[in-house]
1. Mind checking which residues of segment 140-174 are of a type in the set (Asp, Glu), open to solvent by 30 Å² or more (accessible area, probe 1.4 Å) and either farther than 11 Å from Arg200 by Cβ or within 13 Å of the ligand (Cβ to nearest atom) (or both)?
2. Could you check segment 237-254 and list, in sequence order, the residues that are away from the ligand (no atom under 12 Å from the Cβ) and open to solvent by 80 Å² or more (accessible area, probe 1.4 Å)?
3. Considering (1) loosely packed, with under 12 Cβ neighbours inside 10 Å; (2) closer than 22 Å to Arg154 by Cα, say which one Cys263 fails and leave the rest.
4. Within segment 141-247, considering only helices (runs of 4 or more DSSP H) that don't extend past its boundaries, which have at least 2 residues that are within 30 Å of Asp52 (Cβ to Cβ)?
5. Looking at Met299, Met307, which is the one that is closer than 30 Å to Lys401 by Cα and touching a strand residue (DSSP E or B) at 6+ places or on another chain (Cβ under 8 Å)?
6. Kindly establish whether Ala79 is closer than 22 Å to Phe22 by Cβ, in contact with a helix residue (DSSP H, G or I) (Cβ under 6 Å, 6 or more places away or on another chain) and not assigned by TED's automatic domain parsing to the domain that holds Thr274.
7. Just a yes or no: is a residue in segment 298-317 open to solvent by 40 Å² or more (accessible area, probe 1.4 Å) and farther than 27 Å from Val370 by Cβ?
Amino acid sequence: MRVAMIGTGYVGLVSGACFADFGHVVTCVDKDASKIERLHQNIMPIYEPGLDTLVEKNVKEERLFFTTDAKEAIADADAVFIAVGTPSRRGDGHADLSYVYAAAEEIAELIDGFTMIVTKSTVPVGTGDEVEDIIRKKRPDADFAVVSNPEFLREGAAIKDFKIPDRVVVGTDSERARELMRELYRPLFLNETPILFTARRTSELIKYAANAFLAVKITFINEMADLCEAVGANVQEVSRGIGLDGRIGNKFLNAGPGYGGSCFPKDTLALTKTANDNNTPVRIVDTVVEVNAARKKAMAGKVIQAMGGDVSGKTIGVLGLAFKQNTDDMRDAPSLDIIPALIEAGATIKAFDPEAMEEAAKLMDGLNYVENAYEAVDGADAMVILTEWDQFRALDLERIKASLSSDIVVDLRNIYSPEDMAKRGFEYSSIGRP
Ligand code: UGA
């Protein structure tokens with residue numbers, strides 16, 4: 001099949017490369033000429049493990065193309081995917097759909113013959129109806145179907161999530177579009193991936209409900225962690241103890257500094273807006289949004305407390321800035337709340353992240369970015385782990401101990417064992433563990 005992918009952000013680029021790898025001919029379109037130029041040189045706009053190799057292979061095998069010219073991509077396409085950004089609108093938290101609608105306008109002018117227009121961007125319920133109206137108004141004669149096909153991939157594990165998904169969700173009432181979507185995802189039938197066909201609005205809501213539910217799960221275990229700290233229990237054992245119940249499941253029960261990233265904060269907010277607009281508030285999600293924001297703010301206090309209640313004039317070595325490991329994405333990262341608050345409290349920060357320092361430097365100044373973990377802690381009064389990169393899980397702790405001017409380690413990702421750290425002579429604190 002011939003696919004046009006509008007938008008080469010996280011979802012567009014990964015989906016485009018993976019569809020090409022499935023054997024389809026994919027043209028990715030972006031208005032940003034310098035991004036397209038870099039992609040032609042196989043320079044990825046984001047850090048995502050395995051993406052450069054996948055892109056290079058499919059470009060070489062002539063199944064994957066990049067262009068700024070929507071016309072050539074869309075006219076021949078059987079399926080045109082909309083994978084543009086839907087950021088939070090300033091002020092009210094609604095998803096900003098201007099890029100989606102602009103894409104719909106452009107697509108309307110260019111489709112030729114029966115075409116599926118598929119929204120992969122995360123869009124509020126009813127957006128598909130709006131896209132259909134836009135196209136119908138501009139091209140009353142056109143033969144098309146608008147389909148919702150939300151994406152569930154995680155940053156840092158995006159290729160695996162796309163190629164071995166738990167499910168594919170397709171929202172449309174067009175039988176012809178259903179057939180084409182089956183054809184598009186045919187390679188996944190081999191591993192028996194469930195494909196769920198629903199109405200378009202249902203499919204749009206599934207995406208928000210999934211992200212909100214995961215955010216609820218994380219926030220629940222984060223509050224359990226606080227309770228564990230108060231009563232002397234261990235949150236990792238609580239997670240395991242409840243997660244072994246098949247009805248609960250063991251995933252997304254790692255307590256931490258609060259969720260961040262490009263999706264959960266934005267999507268939970270957008271869901272609460274949709275719910276309120278429809279006079280059916282989702283109070284549990286309202287609360288999760290509030291609790292998570294407060295948690296990220298409270299984490300600096302936890303570090304300050306571990307350092308004796310005062311960090312003024314002290315140096316802190318921070319390991320990890322990205323919102324999670326294996327990404328350079330800094331959007332809504334807990335570090336953006338924690339580091340400025342520590343600087344405000346008078347601390348000097350030396351920070352290291354394997355991939356996110358360039359992005360972090362655009363958002364935060366007043367700290368020293370250094371070359372590696374050991375440099376960050378050299379002479380520092382404490383080591384603070386903010387992101388669970390694998391390379392931080394196996395640090396040379398003897399060397400860390402010798403480099404630090406105190407024994408204080410604050411681990412907001414629970415990657416070390418409290419017993420082991422105590423044995424090594426560290427004053428170690430983590431999340432929800434005695
Ligand atoms: C999330 C969803 O997991 C994907 O299914 C979805 O497709 C994506 O949003 C999206 O809507 O595009 P992502 O934001 O890449 O993916 O990352 P996650 O691995 O879900 O992590 C989100 C946040 O939750 C991170 O800050 C992470 O540190 C935190 N988290 C995750 C925890 O604190 N504890 C956990 O147990 C799991």
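1. Here is the first cut: in segment 140-174, the residues of a type in the set (Asp, Glu) are 141, 143, 151, 155, 161, 166, 173.
Among the residues that remain, those that are also open to solvent by 30 Å² or more (accessible area, probe 1.4 Å) are: 141, 143, 166, 173.
Asp141, Asp143, Asp166, listed by residue number.
2. Of the residues in segment 237-254, the ones away from the ligand (no atom under 12 Å from the Cβ) are 237-238, 240-242, 244-248.
Glu237, Arg240, Leu244, Arg247, listed by residue number.
3. (1)
4. Working: elements: 158-163, 175-184, 186-189, 200-231, 235-243.
The helices (runs of 4 or more DSSP H) meeting that bar are 158-163, 175-184, 186-189, 200-231.
5. Numbers: Met299 fails: touching a strand residue (DSSP E or B) at 6+ places or on another chain (Cβ under 8 Å).
From the options Met299, Met307, the qualifying one is Met307.
6. Working: closer than 22 Å to Phe22 by Cβ: yes; in contact with a helix residue (DSSP H, G or I) (Cβ under 6 Å, 6 or more places away or on another chain): no; not assigned by TED's automatic domain parsing to the domain that holds Thr274: yes.
Against the criterion (closer than 22 Å to Phe22 by Cβ, in contact with a helix residue (DSSP H, G or I) (Cβ under 6 Å, 6 or more places away or on another chain) and not assigned by TED's automatic domain parsing to the domain that holds Thr274), Ala79 does not qualify.
7. No; the residues of segment 298-317 include none that is open to solvent by 40 Å² or more (accessible area, probe 1.4 Å) and farther than 27 Å from Val370 by Cβ.
Residue by residue, here is whether (1) over 18 Å from Ile339 (Cα atoms); (2) in contact with a Leu (Cβ under 8 Å, 6 or more places away or on another chain); (3) open to solvent by 20 Å² or more (accessible area, probe 1.4 Å) holds:
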| residue | (1), (2), (3) |
| --- | --- |
| Ile385 | no, yes, no |
| Gln391 | yes, no, yes |
| Arg413 | no, yes, yes |
| Gly425 | yes, no, yes |
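The values are calculated or read from the model by the stated rules, or taken from the named source; none is laboratory data. Bear in mind the structure is a predicted one, so any value in this text is a computation, not a measurement. With ideal geometry, Cβ positions are generated from the backbone for all residues, glycine too; neighbour counts draw on all protein chains shown. The accessibility values were calculated without ligands, DNA or RNA, using every heavy atom of the protein model including side chains. Shrake-Rupley method; radii C 1.70, N 1.55, O 1.52, S 1.80 Å.
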